[in-house]
Amino acid sequence: MEKYKIIIKGIVQHGDKYLLVEKWYDDRIMNPYQWEFIDGKLDFGEQPEKGVIRLIAEKTGLSVQVDKLLYTWSFMVGDVCNIGISFLCLCANNDVILSEDLNNSIWVSKNEFEKYIDNQSILDDIKKVEL
């Protein structure tokens with residue numbers, strides 16, 4: 001049984017805007033779609049920087065380069081420890097082609113994060129770093 005799961009997050013920047021995607025969570029909650037940054041599971045043996053580039057390309061069609069490591073986080077689900085690594089990624093264009101598992105996308109300024117992102121822990125983490 002898997003004891004650790006590594007999650008990578010790409011905060012994609014184009015100029016002074018950042019990409020948020022709308023992701024479906026659960027029909028049993030009030031807002032089943034929620035805005036957040038691109039994230040997903042790192043493949044076994046994959047380097048985190050290459051994994052975030054792959055994930056962003058798969059989910060959005062964007063070609064990015066990793067600028068810097070922003071922050072890490074962790075949480076438990078049952079007896080599995082989830083470890084997260086967040087990267088700031090830069091892209092030259094903003095033509096998003098969403099994968100089928102995402103509902104919508106929007107480019108927003110840093111000042112607009114709180115208008116869209118409901119997850120307070122993500123907002124708290126972002127406030128700690130320089131974007």
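The values are calculated or read from the model by the stated rules, or taken from the named source; none is laboratory data. On a predicted model such as this, the values are computed, not experimentally measured, just so you know. All Cβ positions, even for glycine, are placed from backbone atoms using ideal geometry, and neighbour counts span all protein chains on display. All accessible areas refer to the heavy atoms of the entire protein, side chains included, with ligands and DNA or RNA removed. Shrake-Rupley method; radii C 1.70, N 1.55, O 1.52, S 1.80 Å.
Considering only protein heavy atoms and a probe of 1.4 Å, how much of the accessible area of the chain is carbon and sulfur, as a whole percent?
C and S fraction of accessible area: 50 percent.
In straight Cα distance, which lysines are under 23 Å from Lys17, not counting same-chain residues fewer than 8 positions off?
Answer for Lys17, where 23 Å is the Cα cut-off: Lys9, Lys50, Lys59, Lys68, Lys110, Lys115, Lys127, Lys128, listed by chain and number.
For every other residue with a beta carbon closer than 12 angstrom to the beta carbon of Ser109, add +1 if it is Lys or Arg and -1 if Asp or Glu, then tell me the sum.
Net local charge, Ser109 excluded: 0.
Heavy-atom accessible area per residue, the chain, 1.4 Å probe: how many Å²?
60
Shape verdict for the stretch 1-113, please, from the Cα gyration tensor: rounded (a/c under 1.5), prolate (a/b greater than b/c) or oblate.
It is oblate, given that a/c is not under 1.5 and a/b is not larger than b/c.
Please arrange Thr72, Thr60 by accessible surface area, largest first, computed with a 1.4 Å probe and ligands excluded. Show your work: numbers first, answer last.
Values: Thr72 90, Thr60 0 Å².
My answer, sorted largest first, is Thr72, Thr60.
What are the residues whose amide H is under 5 Å from the amide H of Cys89, where those residues sit 5 or more places off or on another chain and H is modelled from the backbone?
Ile11, Val12, Gln13, Asp67
Could you compute how much accessible surface Tyr71 exposes when probed at 1.4 Å, giving the result in Å² to the nearest 10?
Tyr71 exposes around 20 Å² with every protein chain in place.
Quick one: Karplus J couplings for the stretch 93-101, per residue in order, coefficients 6.51, -1.76, 1.60, θ = phi - 60°, nearest Hz, x for Gly and Pro?
In residue order, the calculated couplings are 10, 10, 7, 8, 10, 6, 6, 5, 7 Hz.
Tell me, how many Å apart are the Cα centres for the stretch 67-131 and for the stretch 1-24?
4
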